[in-house]
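Encoded as structure tokens, the structure appears first; notes follow it.
The values are calculated or read from the model by the stated rules, or taken from the named source; none is laboratory data. Quick caveat: nothing in here was measured; it's all calculated off a predicted structure. Methodologically, a virtual Cβ is constructed for each residue, glycine included, from the backbone with ideal geometry; neighbour enumeration extends over all protein chains shown. When the accessible area is computed, the model is the full protein with side chains, heavy atoms only, and any ligands, DNA or RNA have been set aside. Shrake-Rupley method; radii C 1.70, N 1.55, O 1.52, S 1.80 Å.
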Amino acid sequence: MGQPRIFSIIDKACYDYKMIEEGDRILVGASGGKDSTALIEYLYNRKKRLNSNFVFECVFIKTEFGKPLPPNILSCFEKWNIVLKTIDIDIEERSREDKKLGCYWCSTQRRTELLKYAIDNNFNKIALGHHRDDILETVLMNAIEKGCLGGMPPRLKYEKYPIELIRPLCYVPQDLIIERAKEQDYSGFTCTCNFQDNSTRKIAREKLKVLSDNDEKIKERLFNAFVKK
């Protein structure tokens, strides 16, 4: 039996962008959502399948607003022999008067903790679970809000730090992740924070549906036009 289609698509992205190389130390942000969990499953599968010489670890950034990881996610991690580290941070304590307390601020603080942990523990890459639809929505958000095309490149090297961001799911349609998550029983975990404000992303999501007529081939061409180098 061949490997799942989703893994073949991620393999291609990793090959095209040389995301995973021999000797890499990769840190993964484990949010408990389907996207990061699919990424973790892939990395586990890749090491077992290809006997690759890279290591990866997972960190869960726990905030006062988020829920703990549910039993079905923890069960998957145990099955995949994942060692999970939890870092507690206080988002509200870090808030500033000039910054709105919402998804963007929270994600920025969690990214900061990931970066700090990666540097302190000699990781050279941080893997994020953004899929193709996330990336296209961000392109549209930047076009609408900022008047420019860009955002979420598949591979990005920090100028100030010895760390690269990689997005191995960059070619993967969201529907394929949803399908895999249901098959492997790691779907259903979502953020329920009262400070959520995703209105801009929701608008971009609807515009992407209209622009692409929800056709996967059109989305692929949009990705190649706006993102792929």
**Q.** Per residue value of the accessible surface for the chain (all protein chains in place, 1.4 Å probe), Å²
**A.** 55
Q) Tell me, what HN-Hα J-couplings in whole Hz come from the Karplus equation 6.51 cos²θ - 1.76 cosθ + 1.60 at θ = phi - 60° for each residue of the stretch 135-147, using x for Gly and Pro? A) 5, 5, 4, 5, 4, 5, 4, 5, 5, 6, 8, 10, x
Q.
Starting from 0.36 nm per residue, how many nanometres of slack lie between residue 22 and residue 228 once their C-alpha separation is accounted for?
A. 71.8 nm
Q: Counting only DSSP beta bridges with both residues in the chain, tell me the antiparallel percent, nearest 5.
A: 15
Q: Please give the length that would be gained between residue 178 and residue 116 if that part of the chain were fully extended, namely 0.36 nm times their separation in residues minus their C-alpha to C-alpha distance (nm, one decimal).
A: 19.3 nm
Q: Extending each Cα 7 Å along its Cβ direction at residue 202 and residue 148, get the distance between those two points in nm, one decimal.
A: 2.8
Q: Rank 224, 40, 7 by how far each Cα sits towards the positive end of the charge dipole of the chain (+1 on Lys, Arg Cβ; -1 on Asp, Glu Cβ) and give me just the farthest.
A: 224
Q | Once exposed loop GluC sites (Glu not before Pro) are cut out (DSSP; at most 16 other Cβ, 10 Å), longest piece of the chain | A | 160-229
Q: Rounded to the nearest Å, what's the spacing between the alpha carbon centres of the stretch 1-75 and the stretch 142-164? Just the number, please.
A: 21
Q: Treat every Asp and Glu Cβ in the chain as -1 and every Lys and Arg Cβ as +1, leave all other atoms uncharged, and give the resulting dipole magnitude about the Cα centre to the nearest 20 debye.
A: 500
Q: Please work out whether the chain counts as rounded, prolate or oblate from its C-alpha gyration tensor, where a ≥ b ≥ c are the square roots of the eigenvalues and a/c under 1.5 means rounded, while otherwise a/b larger than b/c means prolate and anything else oblate?
A: rounded
